[in-house]
C-alpha cells in the first residue's frame, strides 16, 4: 500500500549514508533511521557532522534516495550526532515496505483500499550503462552507470556532478540499437550525484526505452526470487 507522507512509525533501521559533511569533505558512513515516514526520517548514531541544507544520499537494503538535511544535533560523544532529513521530490522511499507494513496493521488502515495511481514513465532502480558527452566536443566522454532511470531521464551517482543547466549528449543501447539524445542537468548534488532530463527523444523511442527498463527490472526481480 502507498504510505501517506505525514504518517510516521517508530521503527528503527540501519542505513548507509554518504555526501558532504559540514566541513565540505565527502564522507561514507552508517546511521540508524527512526521516526520514519514517506517524507523523511530522524538519523541517529551519525559519526560525521552534517550541515543543514546539504543533500545526502541514504540507502536501506537495495534502495537509495536523496534527502535534504533539515536540522542537526551535534554530540560530544563520538558517533552520537543526530539529524533530521527530508526526502527530495521524485525519490523512492527506501523504507517504504517497512513503514507500509506497520501502518497496514493499524485499525484505521486495515479497511482502506490501497491506491492504484501509477506514473506512465515510472522510475526503475537498475544499473544502466550510458555515455555522457558534450556538444562542444572538447571535453572527455564520461562512461557512467545510471542507478535510477526512466524514459524521461536518469540519475547518476558522482562525487563531482556537473552544474545545473549543463547541456549533455546521452548515448545508450536498447538491445542492438544505439540511441543518442540531448539532455540537461536538472539536479546537481555535490558528493552525491546528478539528475539528467532527456530533452530530445522521439516518443516511440521513449516508449521503447520504458518497456526495456521494465523488462530489465522484472528480470532482476525474477533472479532475486529464484536465489532467495
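We did not get these values from a lab; they are worked out from the coordinates using the rules stated. Here the structure is a predicted model, which is why all the values come from computation and not from measurement. Because the Cβ atoms are built from the backbone with ideal geometry, glycine has one as well, and the counts that use them run over all protein chains shown.
Expressed as a whole number of Å, what is the distance separating the alpha-carbon centroids of segment 22-53 and segment 134-197?
Cα centroid to Cα centroid, the span is 27 Å.
Could you compute how fast segment 158-205 diffuses translationally, taking Rh as the Kirkwood radius over C-alpha pairs and applying Stokes-Einstein at 10 °C with viscosity 1.306 mPa s? Give it in µm² per second. Could you put the intermediate results ahead of the total?
Values: Rh = 11.6 Å.
Rounded, D is 137 µm²/s.
Applying 1/(1 + (r/R0)^6) with R0 = 45 Å to the Cβ-Cβ distance of residue 12 and residue 218, what FRET efficiency is obtained, to the nearest 0.05? Can you show the working numbers first?
Values: r = 32 Å, r/R0 = 0.71.
Efficiency at R0 = 45 Å is approximately 0.90.
Evaluate E = 1/(1 + (r/R0)^6) for residue 22 and residue 61, where r is the Cβ-Cβ distance and R0 equals 30 Å; express this FRET efficiency to the nearest 0.05. Intermediate values should be presented prior to the final figure.
Details: r = 28 Å, r/R0 = 0.92.
Rounded to the nearest 0.05, the efficiency is 0.60.
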